[in-house]
Amino acid sequence: MVSKIVQDSRIETGLANVFILHTSCSVILTENADPSVRRDLETLALRWAADGDPAYQHSDEGDDDMAAHGRNILAGSSITVPVSHGGLRLGTWQGIYLWEHRTHAHQRQIVVTVFG
């Protein structure tokens, strides 16, 4: 999806910024060849911010609410990728992902800004 937006922009050289309009998921750039990487990231995220920690006060939307916000802060809300020759300049093993931090999937919105 981001690649198509970049191509449609007709910008040959510049930057593409991908920003998520939510506080309980992240946009990340990571390994895209081995699915075990994403599973391992989930393991790390649970260590960073465990669901249902009794020390959390904020739990308006369930046990995963505050943990998801914490993971968002640690993993990030945006990434910027170089654009070269009209496309994303990603490394061989890199992919852009929306990383959901909630237990149940939610509808998410992203903003992609291409400039150059």
Yes/no for Gly52 being touching an Asp or Glu at 6+ places or on another chain (Cβ under 7 Å), without any contact (Cβ under 8 Å) to a residue 60 or more places away in the chain and either assigned to a strand (DSSP E or B) or on the phi > 0 side of the Ramachandran plot (or both): yes
Residue match in segment 85-102 (condition: at pLDDT below 95 and touching a Cys at 6+ places or on another chain (Cβ under 9 Å)): no
Filtered residue count, segment 7-40, keeping only those that are part of a strand (DSSP E or B), hydrophobic (A, V, I, L, M, F, W, C) and under 13 Å from the mean Cα position of the chain (by Cα): 7
Output for segment 43-60, where each listed residue is under 16 Å from Ala105 (Cα atoms) and exposed (fewer than 14 other Cβ atoms within 10 Å of the Cβ): none
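When you look at Arg102, is it among the basic types (Lys, Arg), over 23 Å from Ala16 (Cα atoms) and either surrounded by 12 or more Cβ atoms within 10 Å (Cβ to Cβ) or touching a residue at least 40 places away in the same chain (Cβ under 8 Å) (or both), yes or no?
When the stated conditions are applied, Arg102 passes them.
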Qualifying residue in segment 81-95 (condition: among the hydroxyl-bearing types (Ser, Thr, Tyr), in contact (Cβ under 8 Å) with a residue 40 or more places away in the chain and closer than 26 Å to Ser3 by Cα): yes
Residue count, segment 1-48 (criterion: basic (Lys, Arg) and farther than 19 Å from Gly91 by Cα): 3
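The values are calculated or read from the model by the stated rules, or taken from the named source; none is laboratory data. Keep in mind that what you see is a predicted model, and the values were worked out from it rather than measured. Note: ideal-geometry Cβ built from the backbone for every residue, glycine included; neighbour counts use all protein chains shown.
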